[in-house]
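Remarks on the structure that follows.
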Amino acid sequence: MTITIGTFSANALTAQPFGYEGEARTGLTARTFQVSGLLTPTQWQALVSEYNTWRNLRIADEDTLSSGTVGTTINLTISPANGLSVTSLPCWFTEPPSGDQAGAYISASATLVDAAQALAVLLRTEEKNRERSELLPNLGTVTLGSAVVTLTKPMLTRRDGPDVALTATGVSYITGSLVAHKVRDIEGYITTGTYDNVLSWYDTTIASVPATNTWFPVTAPTATAEVIIDGGAKSTRYTVQLSAVQII
């Protein structure tokens with residue numbers, strides 16, 4: 001069995017290289033490859049050189065979760081070992097080379113991980129963490145023109161109802177109409193359409209006199225944006241806020 005990492009190559013291995021790291025119960029695992037064996041000084045120098053080259057480039061990479069890409073990798077080839085093999089597989093080091101002198105040889109070890117699988121685990125873990133932090137009851141959706149907003153808080157409330165005041169003798173009396181506007185205080189993220197669609201709905205709605213029982217926006221839409229990971233892919237999610245009153 002021969003292992004090749006970049007241009008480093010060795011065949012005097014003392015352990016089978018194939019393994020896994022991560023959480024098996026949820027499938028959040030990635031293939032790992034353990035390099036263990038007796039190396040000549042020349043081989044040891046070649047392994048350390050390959051690690052240093054990879055390390056010096058990898059440390060300058062953009063944050064993996066921010067980029068959503070594997071960044072700098074090093075190719076790994078393992079000739080068939082117990083029926084398993086890989087060819088030019090892009091990997092990351094998870095443990096740098098280490099070695100102990102063993103006579104004229106170096107008893108060396110290093111560990112690599114399948115970069116694509118490790119990235120998938122990182123992205124899915126990030127996604128699961130977000131899902132856990134956003135555990136909310138199903139509050140439904142609201143349609144604003146061609147946009148659909150998934151609500152993150154209950155939207156129905158009231159405003160402009162009567163007030164209660166006191167007379168000079170300390171008796172309560174009611175001021176104002178004995179009715180209140182039904183209000184939608186909308187807060188949620190866009191699941192269909194875009195923020196531009198929400199703005200277009202607003203512009204169209206306020207351009208004409210509303211009919212009775214229709215919903216009329218009384219605040220302009222505003223939005224915040226955040227990058228999320230969904231299904232292993234990065235996207236931008238827009239959370240919108242606005243208020244609308246049902247015309248009486």
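Quick rundown of the values:
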{"quantity": "Segment 53-61 - phi-based ³J(HN,Hα) in whole Hz, Karplus 6.51/-1.76/1.60, Gly and Pro as x", "calculated": "4, 5, 4, 5, 7, 5, 5, 8, 5"}
{"quantity": "Residues whose placed amide H lies under 5 Å from that of THR94, excluding near-sequence neighbours", "calculated": "THR111, LEU112, VAL113"}
{"quantity": "Label of the coordinate-derived value, Cα Rg over 2.2 N^0.38 Å, listed as (1) 1.72; (2) 1.14; (3) 1.19", "calculated": "(1)"}
{"quantity": "Under the Karplus curve 6.51 cos²θ - 1.76 cosθ + 1.60, θ = phi - 60°, whole-Hz ³J(HN,Hα) for segment 62-78, x wherever Gly or Pro sits", "calculated": "5, 3, 4, 5, 5, 7, x, 10, 6, x, 6, 10, 10, 7, 10, 10, 10"}
{"quantity": "Relative contact order (%) - segment 103-248, alpha-carbon pairs under 8 angstrom, separation at least six", "calculated": "24 percent"}
{"quantity": "Highest to lowest packing among 73-86, 104-117, scored as the average C-beta count within 10 Å", "calculated": "104-117, 73-86"}
{"quantity": "Normalised contact order of the chain, rounded percent, pairs of Cα under 8 Å and 6 or more residues apart", "calculated": "15 percent"}
{"quantity": "Angle between the chain longest axis and helix 115-133 axis [Cα atoms, degrees, rounded to 10]", "calculated": "30 degrees"}
{"quantity": "Karplus (6.51, -1.76, 1.60) ³J(HN,Hα), θ = phi - 60°, over segment 40-45, in Hz, Gly and Pro reported as x", "calculated": "6, x, 5, 5, 4, 4"}
{"quantity": "0 to 90° range, to nearest 10: angle between helix 195-205 axis and the chain longest Cα axis", "calculated": "10 degrees"}
{"quantity": "5 angstrom amide H check on THR152, placed H, neighbours 5+ away", "calculated": "GLU187, GLY188, TYR189"}
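The numbers here are math on the coordinates, done by the rules we state, and not lab data. Please read these numbers as outputs of a predicted model, since none were measured by experiment. Reconstructed Cβ throughout: ideal geometry from the backbone, glycine too, with neighbour counts over all protein chains shown.
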